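The values are calculated or read from the model by the stated rules, or taken from the named source; none is laboratory data. Please read all numbers here as calculations on a predicted model, not as lab measurements. We place every Cβ from the backbone using ideal geometry, glycine too, and count neighbours over all the protein chains shown. Quick note on the areas: whole protein, heavy atoms, side chains included, nothing else; ligands and nucleic acids left out. Shrake-Rupley method; radii C 1.70, N 1.55, O 1.52, S 1.80 Å.
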Amino acid sequence: MTIGISIALILASLLMILLVLLHKGKGGGLSDLFGGGFSSSFGGSSVVERNLDRLTIITGVVWFVCIIALGLLLKP
Amino acid sequence: MLTAFTRAFRTPDLRKKLLFTLGIIALFRLGSVLPTPGVNNENIARCLQQAQAGDSGNIYGMVQLFSGGALLKLSVFALGIMPYITASIILQLLVVVIPRLEALKKEGQAGQTKITQYTRYLTIGLAILQSTAFIALARSGQLFPQCREEILIDKDNIFAIVTMVLTMTAGTGVIMWLGELVTDRGVGNGMSILIFTQVIAVFPAELLNIARQKGAFVFAVVIITGIAMIALVVMVEQAQRRIPVQYAKRMVGRRMYGGTSTYIPLKVNQAGIIPVIFASSLLYLPQLVTTLFSNSAEEPNQVVQWIEQNLVRGDTPAYMIIFFLLIVFFTYFYVSITFNPVEVADNMKKYGGFIPGIRPGRPTAEYLNYVLTRLTAPGALYLGLIAMVPIVALAVVGASQNFPFGGTSILIMVGVGLDTVKQIESQLQQRNYEGFLK
């Protein structure tokens, strides 16, 4: 049981990292941090981006559930 | 002030943005208290208590501040946005050094996107490194040197360790994504709002700590100095020099353009709090190295001894001087990166603008450079002095290292707060409402 959820968590983590990296980075790095420059937002997002968002959210939920489940299982 | 808030909530799209931001913040805090599976939560809580009582356990001051106390709890979001900040710093420095990156930066929007993408890759790389380092520290018991409890439940199981490292790395990725979501669909800049959240999160606890340990009088003094400092910081953050620019009238077809007079706002503290972050990140490195490589078996050599005596605790003269000099240096460095007088002068010339009394082109660039250099001097001094405050307070009141009204936390709170409020206000003003700031 523990091993199974651990493997699921590892897979979800890897997928999560991959999906986050697939997103186009919004907000250009540190120069925007702490006030500086103007932020430009250009329109809505494309279909690809929206599907990616949906996929990322689903993966995120799975990841979260895995963490909580494993945490409860491993509780001493 | 309050009516402005209700107005902000009455505007539909602004309300949506505000609620979205609050939701992300809630998620973020939830992840910051959720322990990584495999960590023994009760033992960590006991160790944390010991470390706080002992007062010398706070060697991870800055990192702990940015992670809102999540780091030493080894929660899912333990690394916080520190990897992202470090990655951004590294890339900023590399842009100056590597010609290819410089070329990318000059490309404008597309190049900037590419640099951001590199930053994201580097963030994940750093996250893997740091999570491995912290899990290793926890495993060998060096995370809390005085504490003898077992922090990890099953510390010899490599599989469990790998799971933990991966979970924390993915957590950093999620934080990065949350930040970008806020930038994209919420209010203000996501990353800074997340830092803001973490700083605010430890604030009440630290204040209560002071009230409980030092009594009502010291508490009152701390509050009063804090409010005075906030006022000072707001004043300097808002201060700017306005260089007048006159635009010539020109005809394009049948329409008249230009003929207006505006100004270039040059802030006294153009660099924001980034120099402080740079400097403390750099100063934190020798501490980390000595903790990682010190084993009690052999006598440490002189370099290590010097570092341990002078750079680990924040109240030694050597630390203060180095910190101050680094901040001044980085202020100038960062201003020179972000504001390029030659570029501004060229742009002005292109659109027919000029500063009254100064010829366009090179003289304008020289003038801008002169003004900026002089203006940055008080800005750098101010940043250095503000950053010194917690260290002085450490000596006078005997407060802990992450003193609640510490310079960096105040700079972050005020800087991000002002910025976000300004953004909300500009959105309100699109609908002709009176804003927060009069």
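Quick check on my filter: what residues within the range A:11-47 are modelled with pLDDT of 80 or more and either more than 28 Å from B:T36 (Cα to Cα) or open to solvent by less than 30 Å² (accessible area, probe 1.4 Å) (or both)?
A:A12, A:S13, A:M16, A:I17, A:L19, A:V20, A:H23
Kindly list the number of the only condition in (1) open to solvent by less than 70 Å² (accessible area, probe 1.4 Å); (2) assigned by TED's automatic domain parsing to the domain that holds B:S409 that fails for B:F196.
With (1) open to solvent by less than 70 Å² (accessible area, probe 1.4 Å); (2) assigned by TED's automatic domain parsing to the domain that holds B:S409 applied to B:F196, the lone miss is (2).
Suppose we filter B:Q92, B:Q117, B:Q112 for residues that are of a type outside the set (V, I, T), touching a residue at least 24 places away in the same chain (Cβ under 8 Å) and at the interface with chain A (Cβ under 9 Å from one of its Cβ atoms); which single one remains?
B:Q92
In the range B:64-103, how many are open to solvent by 20 Å² or more (accessible area, probe 1.4 Å), part of a loop (DSSP other than H, G, I, E, B) and in contact with a Leu (Cβ under 9 Å, 6 or more places away or on another chain)?
1
Rundown of residues vs (1) within 14 Å of another protein chain (Cβ to nearest Cβ); (2) aliphatic (A, V, I, L, M), yes/no style:
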| site | (1), (2) |
| --- | --- |
| B:T6 | no, no |
| B:F9 | no, no |
| B:D13 | yes, no |
| B:L18 | no, yes |
| B:L27 | yes, yes |
| B:P35 | yes, no |
| B:N40 | yes, no |
| B:A45 | yes, yes |
| B:Q50 | no, no |
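Would you point out which residue out of B:P265, B:P286 is closer than 30 Å to B:S409 by Cα, at pLDDT 70 or above and open to solvent by 40 Å² or more (accessible area, probe 1.4 Å)?
After ruling out the rest, the residue left standing is B:P265.
So B:I358 passes all but one of these: (1) part of a loop (DSSP other than H, G, I, E, B); (2) open to solvent by less than 30 Å² (accessible area, probe 1.4 Å); (3) of a type outside the set (S, T, N, Q). Which condition number does it fail?
(2)
Looking only at the range B:1-53, count how many residues are out of contact with any Asp or Glu (no Cβ under 7 Å at 6 or more places or on another chain), open to solvent by 20 Å² or more (accessible area, probe 1.4 Å) and of a type outside the set (F, W, Y).
31
Pull up the range B:179-193, narrow it to residues that are more than 7 Å from chain A (Cβ to nearest Cβ) and not in a helix (DSSP H, G or I), then point me to the one that is nearest to the chain's Cα centre (by Cα).
Residues of the range B:179-193 more than 7 Å from chain A (Cβ to nearest Cβ): B:179, B:181-182, B:185-188, B:193.
Within this subset, residues satisfying the condition of being not in a helix (DSSP H, G or I) are B:186-188.
Working: B:G186: 19, B:V187: 18, B:G188: 14 Å.
That would be B:G188.
Mind listing whichever residues of the range B:144-173 are of a type in the set (A, V, I, L, M, F, W, C), in contact (Cβ under 8 Å) with a residue 40 or more places away in the chain and more than 11 Å from A:L9 (Cβ to Cβ)?
B:F144, B:C147, B:I151, B:L152, B:I153, B:I161, B:M168 - these are the residues of the range B:144-173 that are of a type in the set (A, V, I, L, M, F, W, C), in contact (Cβ under 8 Å) with a residue 40 or more places away in the chain and more than 11 Å from A:L9 (Cβ to Cβ).
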